[in-house]
Amino acid sequence: MMIPGWSGLSNARVTLFGDVYPLSEDEQEWAHKQYIAKHPHGLSEQWGNFHYFRMQNISDIYFIGGFGTVAWVDAKEYEALHPDKIAVDGGEHNLKELNAIFSKPLRELLASVSEVDDAALIPIDSKGIDVRVRQGVVWFLFFDFLAKVL
């Protein structure tokens, strides 16, 4: 998932290292149906020789959170985590709705303290939200905004 309003190297990404195996023939069909459901005009239709794989035994995880945020993530800790309920259950949809309602008032609130050209809520989860603020061509991030404001 890409953070709305961010692209290229400013976007968060992760590299997973581990053992990769092709899915069985039965699983290939199931995986293809899943892929087409999410990407109806996907490349698999153009290439024709598209195959699906499963990663097992994740050994290392390298997280890049955009410019200036990089970290190795402990694979065992990662495997023990449970998905964040808010992020999984409609986080992106909720984020679009919240931005439609609060982006302008948020920009106005922040503009009372400093020059702000744009402000938007970016990833939302159970720990709060992050806010992206633009001043001219410079972007700033405020992490866990709700926790800091409250």
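The values are calculated or read from the model by the stated rules, or taken from the named source; none is laboratory data. Since we're looking at a predicted model, the values are computed, not measured. With ideal geometry, Cβ positions are generated from the backbone for all residues, glycine too; neighbour counts draw on all protein chains shown. Side chains included, ligands, DNA and RNA excluded: accessible areas come from the protein's heavy atoms. Shrake-Rupley method; radii C 1.70, N 1.55, O 1.52, S 1.80 Å.
For the stretch 10-39, give me each residue that is among the hydrophobic types (A, V, I, L, M, F, W, C) and surrounded by 10 or more Cβ atoms within 10 Å (Cβ to Cβ).
Within the stretch 10-39, the subset among the hydrophobic types (A, V, I, L, M, F, W, C) is 12, 14, 16-17, 20, 23, 30-31, 36-37.
Across the stretch 10-39, the qualifying residues are 12, 14, 16, 17, 20, 23, 30, 31, 36.
For residue 42, are the conditions met, namely being at pLDDT below 90, under 30 Å from residue 119 (Cα atoms), small (Gly, Ala, Ser) and open to solvent by less than 100 Å² (accessible area, probe 1.4 Å)? Steps first, please.
Numbers: at pLDDT below 90: yes; under 30 Å from residue 119 (Cα atoms): no; small (Gly, Ala, Ser): yes; open to solvent by less than 100 Å² (accessible area, probe 1.4 Å): yes.
For residue 42, the condition - at pLDDT below 90, under 30 Å from residue 119 (Cα atoms), small (Gly, Ala, Ser) and open to solvent by less than 100 Å² (accessible area, probe 1.4 Å) - is not met.
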Seminar exercise, completed: Of the residues in the stretch 59-93, those that are assigned to a helix (DSSP H, G or I), of a type outside the set (D, E, K, R) and either out of contact with any strand residue (DSSP E or B) (no Cβ under 6 Å at 6 or more places or on another chain) or loosely packed, with under 10 Cβ neighbours inside 10 Å (or both) number 3
Seminar exercise, completed: Here the residues within the stretch 92-126 that are closer than 24 Å to residue 65 by Cα and either of a type in the set (S, T, N, Q) or over 19 Å from the mean Cα position of the chain (by Cα) (or both) are 94, 99, 103, 106, 107, 110, 116, 117, 118, 126
Exercise. Does residue 65 satisfy being at pLDDT below 85 and more than 19 Å from residue 13 (Cα to Cα)?
Worked result: no
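Yes or no, residue by residue, for (1) closer than 21 Å to residue 11 by Cβ; (2) at pLDDT 85 or above:
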| site | (1), (2) |
| --- | --- |
| 47 | no, no |
| 52 | no, yes |
| 91 | yes, no |
| 99 | yes, yes |
| 109 | no, yes |
| 113 | no, no |
| 122 | yes, no |
| 145 | yes, no |
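Look at residue 87 and say whether it is within 19 Å of the chain's Cα centre (by Cα), under 30 Å from residue 18 (Cβ atoms) and at pLDDT 80 or above. Steps first, please.
Numbers: within 19 Å of the chain's Cα centre (by Cα): yes; under 30 Å from residue 18 (Cβ atoms): yes; at pLDDT 80 or above: no.
Taking the combined requirement at face value, the residue does not satisfy it.
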